[in-house]
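A short worksheet on the structure shown next.
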Ligand code: RP5
């Protein structure tokens, strides 16, 4: 891996069953030309792995984390507990409660540990928001989003 393609966005999801819903996030980051890494680990099934990945994310070069999970979706909050990086949560649509369970689990964070949250299955918006966050201190990233908005307006 060269410095140029070192991952800047860390995408973590609770299960391989979340992968299809998260594809639009990866596709949008690919479209922006922003490198990312993908990790599958559940806050409940693999808590030690989630801890280690989150604790080391900033030192590994990540700037923003996108965390997707369904049902009792604590992944974003748990990741946020271990990293100073901004965390964007993506509530996964679920078979039983339609994803409202995931959404409420993600947004109702205790004071002091914020997690940004996009719509149910809002994977594409998570990618755009991640690049917008990086763009606050990086004109190249900001331009990517400006170009994206321009293209959307002209389509
Ligand atoms: C969560 O439970 C995952 O994020 C997934 O959305 C949901 C169901 O996981 P599986 O039982 O399909 O592995 O941890």
Exercise for the section: With only alpha-carbon atoms counted, please give the Rg and Dmax of the chain, in Å. Expected result: 14.8, 47
Handout entry: Per-residue [θ]222 nm for the chain (sum of -39500 (n - 2.57) over DSSP H runs n ≥ 4, rounded to 500)
Key = -14000 deg cm²/dmol
Fill in the blank from the handout: Residue separation between residue 111 and residue 5 times 0.36 nm, minus their alpha-carbon distance, gives in nm 34.6 nm
Fill in the blank from the handout: With the 8 Å Cα cutoff and a minimum separation of six or more residues, the chain has a relative contact order in percent of 22
Problem - Cα→Cβ-extended label distance, 7 Å offset, between residue 23 and residue 142, nm - result: 3.5
Problem - Cβ-based exposure ranking for 101, 59, in which fewest neighbours within 10 Å come first - result: 59, 101
Practice task
Give the relative contact order (percent, whole number) for the stretch 58-135; include only Cα pairs under 8 Å separated by 6+ residues.
Solution key: 32
Exercise for the section: Give me the distance in nm between label points sitting 7 Å out from Cα along the Cα-to-Cβ direction at residue 151 and residue 72, one decimal. Expected result: 4.2
Fill in the blank from the handout: Taking a crude spin-label model, label points 7 Å out from Cα along the C-beta direction, the residue 132 to residue 100 distance in nm is 2.6
Problem - Distance between the stretch 8-75 and the stretch 100-132 - C-alpha centres, whole angstrom - result: 13
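Every number here is computed from the coordinates shown, using simple stated rules; none is lab data. All values reported here derive from a predicted model rather than from experimental measurement. Reconstructed Cβ throughout: ideal geometry from the backbone, glycine too, with neighbour counts over all protein chains shown.
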